[in-house]
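**Student:** Below you will find the structure I want to go over with you.
Each reported figure results from applying straightforward, stated rules to the coordinates on display, with no laboratory input. Quick caveat, the model's predicted, so the values are computed rather than measured. Methodologically, a virtual Cβ is constructed for each residue, glycine included, from the backbone with ideal geometry; neighbour enumeration extends over all protein chains shown.
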Amino acid sequence: MTNRERALNILHYKPVDRLPAVHFGYWPELLSQWAEEGKIPSHIPEQWYDGGPADRELDNLIGWDFNWYHTVSPNNGLFPAFESRVLEVFADGTRRVMNGDGLIERVKPGVTSIPSEDGYTLRDRESFETLYRGKMQYSPERVDAAFFSAFNDTREKDVPIGLHLGSILGNIRNITSVVGMSYLMYDEDESLFADIVDTYAEMQYRCAEEVLKTGASFDFAHYWEDICFNNGPLIDPEKFEDLCAKHYRKRNELCRRYGIDIISLDCDGVTEKLLPVWFENGVNTMFPIEVGTWGDQFEPARKRFGRGMLGVGGMDKTAFRKDRAAVDREIDKMKRLSAMGGFIPCPDHRLMPGTKFELVQYYAEEIKKITP
């Protein structure tokens, strides 16, 4: 069987010869670490990106079958983006930077985590109308019609490939910041925030529609959200439903009209309280099912929603920083979850610095021995 056949069969509850060994990429710092240790060629850290030639080269070195994150996308962000520029440089080398979303961040030298939010441009109705609304409109330049018209002939055949649908709220959070989003929703201008969400969502719907009209076919559709943290969602679930449910439903109905029946969503953190909105409006695949300090989230979701809830992920990647016994415990968990059907094991996010190359190789080898 091809890896594409394996993955699609599992998510449709059909038999397979074995599980595919699937991953979700790496922190750049880990690839630099492995290169310094002599585990991988020195060119990989500079050339790596999801699904690219260096990614496939690394798959072969480790034993992975493929990176799950094979998606293609129209330009469904702010267009044109803001010009990124440095606003201020401090004595310790920290830079105050405005990024392409108009968000102001503090970027500290040598720190590899997400930069801290320090301000935002989208503050009120005036800034939305003068600076942002025009960047949230659909235009034909957003969709490369020639690329998508030829997509079925040129796409990689061995792996499942998804259409990236953008997000309903995650991109808005990136633009407004968590603080700015919270003020707009609750204290300052609820109607403005709803207008922002609706405007952005309509543009992204049009992008997906125009891509699908070209005849390009996809194995799944995919959202990125990241609107939860270790204690739950960054937004009240009822407000989330009021603002976002209609847009998920509309976009997912479009996908199903074009034959896409696997619709996944990437959200880190504890997602339990938002799952009903996603599942009841057409999202049916959890990814990457982050484990964190709270434990497994897939089995409770399957018990709650039934066999219609699919999953890709759920393997606690921190085991790769420990020892073989810790990895074996994760493999045993993956065996149990895979036996439920409709589930593909995958590390629960990008592998981080401190990950041991040999343990990743061992995991990939053992996963391929499992027949669900």
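**Student:** Using the alpha-carbon atoms, what tilt in degrees (0 to 90, nearest 10) does helix 53-62 show relative to the longest principal axis of the chain?
**Tutor:** Approximately 40 degrees, to the nearest ten.
**Student:** Using the structure shown, select from K135/K213; K246/K273; K14/K213; K14/K368 the pairs with a Cα to Cα distance greater than 19 angstrom.
**Tutor:** Over 19 Å Cα-Cα: K135/K213; K14/K213.
**Student:** If you don't mind, another one. Measure out, as a whole number of angstrom, how far apart the alpha-carbon centroids of the stretch 94-134 and the stretch 313-341 sit.
**Tutor:** The stretch 94-134 and the stretch 313-341 have Cα centres separated by 38 Å.
**Student:** Quick one: which residues, 5 or more positions from M315 or on another chain, have an amide H under 5 Å from its amide H? H modelled 1.01 Å from N in the peptide plane, none for Pro or chain starts.
**Tutor:** For M315, the qualifying residues are C346, D348.
**Student:** Another one. For the stretch 48-185, compute Rg over Rh where Rg is the Cα radius of gyration and Rh is the Kirkwood radius from the inverse mean 1/r over Cα pairs.
**Tutor:** Expressed as Rg/Rh, it is 1.05.
**Student:** Just check the stretch 193-307 against the gyration tensor rule for me: Cα atoms, a ≥ b ≥ c as the square roots of the eigenvalues, rounded for a/c under 1.5, and otherwise prolate or oblate depending on whether a/b exceeds b/c.
**Tutor:** oblate
**Student:** Looking at the square roots a ≥ b ≥ c of the eigenvalues of the Cα gyration tensor of the stretch 10-116, which shape do they give, rounded for a/c under 1.5, prolate if a/b is larger than b/c, or oblate?
**Tutor:** oblate
**Student:** About the Cα centre of the chain, how large is the charge dipole given +1 on each Lys and Arg Cβ and -1 on each Asp and Glu Cβ? Please answer in debye to the nearest 20.
**Tutor:** 1080
**Student:** Give me the angle, in degrees from 0 to 90, between the Cα long axis of helix 237-257 and the longest principal axis of the Cα atoms of the chain, rounded to the nearest 10.
**Tutor:** Roughly 60 degrees between the two axes.
**Student:** Okay, moving on. Which of A7, Y248, A194 sits farthest toward the positive end of the charge dipole of the chain, with +1 on the Cβ of Lys and Arg and -1 on the Cβ of Asp and Glu?
**Tutor:** A7
**Student:** Considering just Cα atoms, how many Å³ per residue does the convex hull of the chain enclose?
**Tutor:** Convex hull volume per residue, Cα atoms: 145 Å³.
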